[in-house]
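A short worksheet on the structure shown next.
Laboratory data are not the source of any read-out in this text; all were calculated from the coordinates shown. Quick caveat: nothing in here was measured; it's all calculated off a predicted structure. Don't worry about glycine lacking a Cβ; one is built from the backbone with ideal geometry, like all the others, and counts go over all protein chains shown.
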Amino acid sequence: MAARAPKLTVVIPCFNEEQRLPRTIERIEAYLGSRGDSYELILVDDGSSDSTRKVMDQAAAGNAAVCIVALPRNRGKGRALAEGVRASRGDLVLVTDADLSTPIEELVKLDGALVGGAGVAIGSRSIKGSRVELSQPIYRVAMGKAFNVLVQIVLLPGIWDTQCGFKLFRGDIARDVFEGLTTDGFGYDPEVLYLAKKKGVRIAEVPVRWRNSAPTKVMAIRSSVDMFWHVLRIRFSRR
């Protein structure tokens, strides 16, 4: 008899996160444990070269709810998330970053949006009610705003922040849209949301708390050029 699916799956992509990951796992386990709902925590090792996998193995040994997905080489955040979501079983799927720039406690806000009928709820730093407690450097803020304008014009009018790494999906929707993902790197967010939108899924943008966490693996110029290119590619290849 198959095990009953958990209420929630949390998927975290990890590339060389040996320093931040232990604290992140501890916070997530404490919070989800206090909620009382069943959950699974999927840690995706995106070809790390440090001791990230050792941290994951220790977490899995101490908690049966922790699962590990390992990529043989570094593929990028989008691909790591796609593989993690593919392995998910939860009625709901939360994708979040290893640095927890958006605290796990903000999950309750996204839960409320799905209860209200949305199929996807995305954390936002750019709408009324959001709170940025520690901002990125000014040049990254400016680049982010420019990228968001492009995304609104080309793909997702009305959505102000696609790049906040805190998104909750109905489980069936998550597995469907991530299966169709073609963007391996940091530009995965607009494609996933665009795929959901094309399927008629309601997307709710929810104000959250956010705090910049250094260091970042986003390379300002290279990553930005890649993300702009992927947005254009998505628009003109997925009509």
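Only one residue of SER51, ALA98, ALA146 has its Cα farthest out toward the positive end of the dipole of the range 8-237, where Lys and Arg carry +1 and Asp and Glu -1 on Cβ, and that residue is ALA146. Axis angle, to the nearest 10 degrees, between helix 188-198 and the longest C-alpha principal axis of the chain: 80 degrees.
Under 13 Å Cα-Cα from LYS54, which aspartates and glutamates qualify once same-chain neighbours fewer than 8 residues away are excluded? Those aspartates and glutamates meeting the cut-off are GLU17, GLU18, ASP45.
Can you tell me the relative contact order of the chain? Whole percent, Cα pairs under 8 Å, sequence separation 6 or more. Mind dumping the intermediate values first?
Working: 429 pairs, mean separation 56.6, N = 239.
Relative CO of the chain lands at 24 percent.
Springs between Cα atoms under 10 Å define the GNM used for the chain, and in it the highest mean-square fluctuation of LEU71, LEU110, LEU100 occurs at LEU71.
Protection proxy ranking for 144-152, 188-196, 52-60, using the average of other Cβ atoms within 10 Å per residue and placing the highest first: 188-196, 52-60, 144-152.
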